[in-house]
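One structure is given here, and the rest of the page talks about it.
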Amino acid sequence: MTHASDASGVPNTPSTTSTPSTTSGPSTPTTPAGPRLTVAVLGPGGVGGLLAALLARAGHRVLCLAGEDTAHALRTTGLRVHSTVFGDFTTPVDADTALREPVDACLISVKATALDAALTRIPPTALGDALLVPFLNGVEHPALLRARYSPAQVAPSVIRVESTRRAPGLIEHTSPFAEIDLTGAQVPRDRLTVLAEALTAAGPATRVLDDETTALWAKMAFLAPFALLTTRYRLPLGEARTRHREELASLVAETAAVSRACGAPVDPAQALARYDAFPVATKSSMQRDAEAGRPLELDAIGGALLRAADRHGVPVPVTARLVRELREAAR
């Protein structure tokens, strides 16, 4: 199963966050620059697998949570990464089908469509007081997690990266950047800072932001028009932004209006400029899922946008039409 995350905009920092490595054999974990953490990763796909491998290589203990076949593969061969930024390397990780021991943090990197089933792998009693850090598309998952776990543990975060799982344990990182924004309105700041420092030292440039709503909607405002348009017309971004420019502009304006109503100002002109800066062949993860016949994150992205628009009385006719057409096509 391929798993990639859509970049939510141009990188905020220089693209190279560590010196590329050309390691071809197993990588020996180093000593962490700060405290040695134990980190669980729920869903070691394109995003989770990359973060798990980088943290393990940096000397942290990593426990990947997945189905039995994937867990067996990871226990047998470890994680293999191909990256122009972080190099080619293989690193051992622990793997299990469920969390059975204390950890410092649990990164959630499954698709929104698989979240409910995946959460059975991290029972609240096993999670203890560990941080829960979801890297999911959409804006509604924090409420779901806070209803199931302690709100003081949930740290909704955003990652900007293009990374794909080619096979169990085989990760291809293709973007020239990997950046993370950690947030968590009810999480103690020092806990976020410790994790941010560990992630930055491992590779991805990571910052802690105070405004959770702005961070999540900044990604949503970029992702929703991109995902809906490219998936509806089955076109890469370059063709979609040229052939359907008026629709793209309308989607951007509607999404920005909803974002502002939710308390997160977005500049539509800046959003359009970001789309124009991306390579012509760029595809959204929703589009790739559609091409592969996988379930779409349509409700987590388009559905959530429509629900927010309805709550705030914001008209979004173009968004509503594309979501309706995609739902009909999926049926």
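The values are calculated or read from the model by the stated rules, or taken from the named source; none is laboratory data. Every value quoted in this text rests on a predicted model; they were computed, and no experiment measured them. For neighbour counting, all protein chains shown are included, and Cβ atoms are generated from backbone atoms with ideal geometry for every residue, glycine included. Side chains included, ligands, DNA and RNA excluded: accessible areas come from the protein's heavy atoms. Shrake-Rupley method; radii C 1.70, N 1.55, O 1.52, S 1.80 Å.
For this structure, a couple of remarks:
- Of residues in region 36-69 being in contact (Cβ under 8 Å) with a residue 60 or more places away in the chain and among the charged types (D, E, K, R), the one surrounded by the most Cβ atoms within 10 Å (Cβ to Cβ): 57
- Listed by first and then second residue, the pairs with beta-carbon distance under 6 Å, at least 6 apart or on different chains, first residue in region 179-196 and open to solvent by less than 60 Å² (accessible area, probe 1.4 Å) and of a type in the set (Gly, Ala, Ser), second part of a helix (DSSP H, G or I) and modelled with pLDDT of 95 or more, are 184/192.
- Being of a type outside the set (A, V, I, L, M, F, W, C) and open to solvent by less than 10 Å² (accessible area, probe 1.4 Å) is true of residue 142.
- Any hit, region 256-270, residues being open to solvent by less than 50 Å² (accessible area, probe 1.4 Å) and of a type in the set (Asp, Glu): no
- Pairs, first of a type in the set (Asp, Glu) in region 230-241, second not in a helix (DSSP H, G or I), C-beta under 9 Å, six or more apart: 239/280
- Residue in region 104-121 that is farthest from the chain's Cα centre (by Cα), counting only those that are β-branched (Val, Ile, Thr) and surrounded by fewer than 21 Cβ atoms within 10 Å (Cβ to Cβ): 120
- Positions within region 298-317 being outside any helix (DSSP H, G or I) and either of a type in the set (Val, Ile, Thr) or under 16 Å from residue 232 (Cβ atoms) (or both), in sequence order: 314, 316
- Of all residues in region 72-130, those satisfying the criterion of being of a type in the set (S, T, N, Q) and either under 22 Å from residue 175 (Cα atoms) or not in a loop (DSSP other than H, G, I, E, B) (or both) are 76, 77, 83, 84, 90, 91, 109, 113, 120, 125.
- Candidates 201, 227, 205, filtered to the one that is surrounded by fewer than 23 Cβ atoms within 10 Å (Cβ to Cβ), at negative phi and in contact with a helix residue (DSSP H, G or I) (Cβ under 9 Å, 6 or more places away or on another chain): 205
- Restricting attention to region 145-159 and to residues that are farther than 15 Å from residue 103 by Cβ and in a helix (DSSP H, G or I), the residue that is least open to solvent (accessible area, probe 1.4 Å) turns out to be 145.
- Output for region 230-249, where each listed residue is in a helix (DSSP H, G or I) and either surrounded by fewer than 20 Cβ atoms within 10 Å (Cβ to Cβ) or of a type in the set (Asp, Glu) (or both): 233, 238, 239, 242, 243, 245, 246, 247, 249
- Scanning region 112-152 for residues that are closer than 13 Å to residue 187 by Cα and hydrophobic (A, V, I, L, M, F, W, C) turns up 130, 131, 132, 133, 152.
- The residues of region 168-178 that are in a strand (DSSP E or B), open to solvent by 10 Å² or more (accessible area, probe 1.4 Å) and of a type outside the set (D, E, K, R) amount to a single one, 170.
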